[in-house]
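Only one structure is covered here, and it is reproduced in the block below.
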Amino acid sequence: LSVDASTQNAQMIPGNMFGIFFEEINHAGAGGLWAELVSNRGFEAGGSNTPSNIDPWLIIGDESSIIVATDRSSCFAGNPVALRMEVLCDATRTNACPSGGVGIYNPGYWGMNIERAKIYKVSMYIRSSDSVELKVSLTSSDGLQQLASHTIMADQDDFAEWTKVEFDLQSSETNTNSRLQLTSSKSSIIWFDQVSLMPSDTYMGHGFRKDLASMLADLKPRFLKFPGGNYVMGNYLSNAFRWSETVGPWEERPGHFNDVWGYWTDDGLGFFEFLQLAEDLGACPVWVVNDGASTYEEIPSATIAAFVKDVVDGIEFARGDNQTAWGSVRAAMGHPEPFPLYYVSIGNQECSKRYYKEKYVKFYSAIKASYPDIKIISSCDRSAISEVNPADLYDVHVYTSSGDMFSKTRMFDSTVRNGPKAIVSEYAVTGNDAGRGTLIAALAEAAFLIGLERNSDVVEMASCAPLFVNDNDRSWNPDAIVFNSWQYYGCPNYWMLHFFKDSSGAMLHPSTVQLSNYDQLVTSAITWKNPQDGNTYLKIKVVNFGNKAVSLNISVTGLETGIQRFGSLKTVLTSGWLRDENSFQQPDKVVPVASPITNAREQMGVVLDSYSLTSFDLLL
Ligand code: AHR
């Protein structure tokens, strides 16, 4: 394996090369990265017609002791439904309430993870003309074990108008399958709306689940593409992601039904929060906009103007100063500084739609007129881009078998070297090979990414898909990170991405493998400077996609300073079987294992395991 590490033959990998793509799929956000524990907090998920389904809220008590209904009496115009709870029983009457009272409870997203000593912030809106005695508690899933409680006492008419009530709960125990209860033993009629329970220790205090956001941060992503995927478009436009309905105070957001992936989202994780997440991760935001199409519908170009204006308004929300109409909304949300939004993707996989190209030009012209520095991403492939249909980048999605993904390491080798660059914003091995995240899938994807590194003069960005799956809602397999309410682990392809986290902005060096009768090796070499210790490393990555262990001589030429004898590392991702996966029981079955390289030199003999990804990080 020869590496020419000289500076004259090196080429810089784009600074935003490796990032992440977040889609609201598999409860990735609602019941996932967004830390809100109450599901359907505004009782809107059943639709605005009443009576409606209040799932997953359930009732404590029977028909002789409680009546629960919905009506449209909310104080929020955008989400009119409120829940009406009529307590029929009373401690002082013959119809005595059962012990613990009657009421409603919310189990969250397949059980709330409540941790001992941790503080949870409760917020809810209440209205009642009666005197109120309401117990708000965190309990086990059967209601028998109480973890924390707070009693709200109010005189008649204290809550005659809708009143926001906020307080903290501190749990005395840990229970990973808990619920939030609102109960009373006092005859009264109480309306509830926008009931929220948030852990107090979210990532950077911005509402993201700490464990999951930390997994993203560990990848050092250079961009965050959001919010989908097909989620952006919806099966029907009435269910599409509408950025403007996801900003402002969370209580006023209507929420919407994610009809593509089949669940309600309260939109706590809205446009602002995505921009905030990008900032918190040190990633640049890449916004995928709805271009007036859904799976089953399309607005023709003649009537697309309102959609175009909506996108320009969205950019103003992100970038406008606080004197602008939308910039002031962002500022009021606590972020007076603009967000650095420099990438906008027009639609998702829309190129074959009848009006896409005509509409695209309208989006392109309007955005460039106000924001010439924004890079616009087309859903069409390179061949469709021209002077009349210009684009800065074109979006590529690759879903295929492991064998084909491995062969796609050469996908961009013969691409014409000038013109718009590719953003490979969705790629994954799918099907039988992939299972729920196998080693072989990760290795094939690694080979593909090495191909992108080697072609990073024509490929500017790359991200895998999907990023997250809540194990209780597997709409799509495989995914990079698996979680439930309290556990999480990375699949082999999540760990594979760690081998690429130093590549963005690094120098790529020519590397070649000469080995007769074995074509299962793919390699790349970069040099990069670690800002933490100030050291420069030569990182040589090799995928061995075959079933043979391989002995290689590594030969590095062109170095100005040479390789330090000590301080170098070898990291290997492999496992006993190519279909091995991680799981909640064995989260570390397929993870990178690092060991020091003693006596590192420009000429070294190494052994590559069969079915492995190996990185040699040589200290210069
Ligand atoms: O990643 C899952 C889906 O695959 C995305 O929503 C879509 O863009 C692609 O077809």
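Each reported figure results from applying straightforward, stated rules to the coordinates on display, with no laboratory input. Just so it is clear, the structure is predicted and the values come from calculations on it, not from any experiment. For neighbour counting, all protein chains shown are included, and Cβ atoms are generated from backbone atoms with ideal geometry for every residue, glycine included.
Descriptive notes on the structure:
- When the listed pairs LYS408/LYS539; LYS309/LYS421; LYS501/LYS548; LYS220/LYS529; LYS353/LYS421 are checked against a 24 Å cut-off, the alpha-carbon distance exceeds it for LYS309/LYS421; LYS501/LYS548.
- Contour minus Cα-Cα distance for GLU297 and SER407 (0.36 nm per residue): 36.0 nm
- Here LYS589 is the anchor, and the aspartates and glutamates within straight C-alpha reach of less than 14 Å, apart from those fewer than 8 places off in the same chain, are ASP580, GLU581.
- Surrounding net charge for LEU138, when Lys and Arg each add one and Asp and Glu each subtract one, Cβ distance under 10 Å: 0
- Dipole of the chain [Lys/Arg +1, Asp/Glu -1 at C-beta], most positive-end residue of THR561, VAL260, VAL38: THR561
- Alpha carbon centroid spacing (whole Å) that separates the range 374-448 from the range 91-151: 50 Å
- Ratio Rg/Rh [Cα only; Rh per Kirkwood] for the chain: 1.03
- Antiparallel bridge percentage (DSSP; both residues within the range 254-411; nearest 5): 30 percent
- Share of Cα-Cα pairs in the range 540-594 lying beyond 19 Å, as whole percent: 48 percent
- Shape class of the range 58-199 from the Cα gyration tensor (axes a ≥ b ≥ c, square roots of the eigenvalues): oblate, since a/c reaches 1.5 or more and a/b does not exceed b/c.
- Listed by chain and number, the lysines placed with their C-alpha closer than 24 angstrom to that of LYS164 are LYS118, LYS121, LYS135, LYS186; residues fewer than eight positions away on the same chain are left out.
- Taking 0.36 nm per residue of separation and subtracting the current Cα-Cα distance, fully stretching the chain between ALA549 and ILE189 would add 122.3 nm.
- Amide N of the range 89-118 lying under 13 Å from the label point, which is placed 7 angstrom from the Cα of THR174 along Cα→Cβ: 113-118
- Charge dipole (debye, nearest 20) of the range 56-113; +1 at Cβ of Lys and Arg, -1 at Cβ of Asp and Glu: 140 debye
- Multiplying the residue separation of GLN487 and LEU144 by 0.36 nm and subtracting their alpha-carbon distance yields 121.1 nm.
- Prolate/oblate/rounded label for the range 252-321 (Cα gyration tensor, a/c 1.5): oblate
- Per-residue [θ]222 nm for the chain (sum of -39500 (n - 2.57) over DSSP H runs n ≥ 4, rounded to 500): -4000 deg cm²/dmol
- For the peptides 534-540, 386-392, the ranking by mean Cβ contacts within 10 Å, running from highest to lowest, is 534-540, 386-392.
- The Cα atoms of the range 131-213 give a gyration tensor whose axes a ≥ b ≥ c have a/c of 1.5 or more with a/b no greater than b/c, which makes the shape oblate.
- Restricting the GluC sites (Glu not before Pro) of the range 1-73 to loop positions (DSSP other than H, G, I, E, B) with no more than 10 neighbouring Cβ atoms within 10 Å leaves GLU63.
- In terms of packing, defined here as the mean over residues of other Cβ atoms within 10 angstrom, the peptides 5-11, 211-217 line up highest first as 211-217, 5-11.
- Relative contact order (%) - the chain, alpha-carbon pairs under 8 angstrom, separation at least six: 16 percent
- In range of the label at CYS351: residues from the range 443-474 whose backbone nitrogen is under 17 Å from the point 7 Å along Cα→Cβ: 458-463
- A simple rule links phi to the HN-Hα coupling: the Karplus curve 6.51 cos²θ - 1.76 cosθ + 1.60 with θ = phi - 60°, which for the range 256-272 gives 7, 8, 7, 6, 6, 10, x, 8, 7, 10, 6, 6, x, 8, x, 4, 4 Hz, with x for Gly and Pro.
- Annotation: amide H of GLY15 within the under-5 Å range of GLY505, sequence separation 5 or more or interchain, hydrogens built in the peptide plane.
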